[in-house]
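The values are calculated or read from the model by the stated rules, or taken from the named source; none is laboratory data. Small disclaimer: the values here were computed from a predicted structure and weren't measured. Here Cβ is always computed from backbone atoms with ideal geometry, including for glycine, and neighbour counts include all displayed protein chains.
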Amino acid sequence: MEKKHWIINSDNYWFKFKFTEAWEYRDLFILLIKRDFVAFYKQTVLGPLWFFIQPIITMVVFVFVFGKVGAFSTDGLPKPLFYLPGIICWNYFSECIIKNASVFRDNSNLFSKVYFPRIIFPFSIVFSSMIRFFIQLLLFILILFYYYFKGFEIQLNYTLLLFPYLLILLAALGQGLGLIISSLTTKYRDLSLLVNFGIQLLMFATTVVYPLSAAPERYKTIIALNPITSILEAFRYAFLGHGDFSIIILLRATLITAIVFFSGLILFHKVEKNFIDTV
């Protein structure tokens, strides 16, 4: 019987990501997704209902604060329909960043005891969070049908075919930024304290609470450069027929996302080899 020999060493290649080796640990990958998903509502009274409650409460606050008090434009859309897509996409994006940003610190005990490809943890976070994204997307579709039966005209268009691509961009951008932050926080602990605060501020540099068409002219170019803005505008345009959608802008967002994602992978791969000495 042929025996397998595993050679574990610390190489110095920046671009050697070992995805083939990570595939060998796919059972661990699935287990981590299940663990993360179950841990979200374990020992809670309402359980999985929190997947719906959180975006609903946020939507109600946005409708009151930004829609009623602030009188922000919603591009002629019903306020719940305008805010909910932005909330759902932003929840997924921010969760990918926040959880990936602390992946070294949160799992340092496990990393120091047993070997497995470390990249499995960040990818499992993205996929487990994606389950919550689809659950909340179902909520948006239900509300969309509610408004349809009340007389709102659903303007589905060809851009809806780009939905899987938009989701991949959202996941890759969140993971890339999360990996960059997690790699830096192994050495600079103060950065981890700024992540949650920075994410909240970054939301106002995107079109979560206002459409791009309503942004001040002097800031519109800067806001449009934000790849999240392009994704949100395309998402709203696909489902609601409203939004500043452009293939050129989406391609620009793709380029930025690719740079951020691969930069995160490179930094993660470089830091994972000796992070246990600094965490």
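At-a-glance table
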{"quantity": "Residue list for the stretch 63-72, restricted to those being under 15 Å from residue 204 (Cβ atoms) and in contact with a Pro (Cβ under 9 Å, 6 or more places away or on another chain)", "calculated": "72"}
{"quantity": "Index of the failed condition, residue 155 passing every other in (1) touching a Gly at 6+ places or on another chain (Cβ under 6 Å); (2) in a helix (DSSP H, G or I)", "calculated": "(2)"}
{"quantity": "Qualifying positions in the stretch 163-189 - part of a helix (DSSP H, G or I), touching a residue at least 12 places away in the same chain (Cβ under 8 Å) and surrounded by fewer than 19 Cβ atoms within 10 Å (Cβ to Cβ)", "calculated": "163, 167, 184"}
{"quantity": "In the stretch 240-269, residue surrounded by the most Cβ atoms within 10 Å (Cβ to Cβ) [restricted to those that are polar (S, T, N, Q) and assigned to a helix (DSSP H, G or I)]", "calculated": "257"}
{"quantity": "Neighbours by Cβ (under 7 Å, 6+ apart or cross-chain): first from the stretch 246-269, modelled with pLDDT under 90; second surrounded by fewer than 14 Cβ atoms within 10 Å (Cβ to Cβ) and not small (Gly, Ala, Ser)", "calculated": "266/14; 266/15; 269/14"}
{"quantity": "Test: residue in the stretch 216-237 that is touching a residue at least 60 places away in the same chain (Cβ under 8 Å) and among the basic types (Lys, Arg)", "calculated": "yes"}
{"quantity": "Residue that is modelled with the lowest pLDDT [pool: residues in the stretch 193-220 that are polar (S, T, N, Q) and either surrounded by 19 or more Cβ atoms within 10 Å (Cβ to Cβ) or more than 27 Å from residue 155 (Cα to Cα) (or both)]", "calculated": "196"}
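For every residue, the table says whether it meets (1) modelled with pLDDT under 80; (2) out of contact with any Leu (no Cβ under 8 Å at 6 or more places or on another chain).
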residue: 48; (1), (2): yes, yes
residue: 65; (1), (2): no, yes
residue: 81; (1), (2): no, no
residue: 84; (1), (2): no, no
residue: 89; (1), (2): no, no
residue: 111; (1), (2): yes, yes
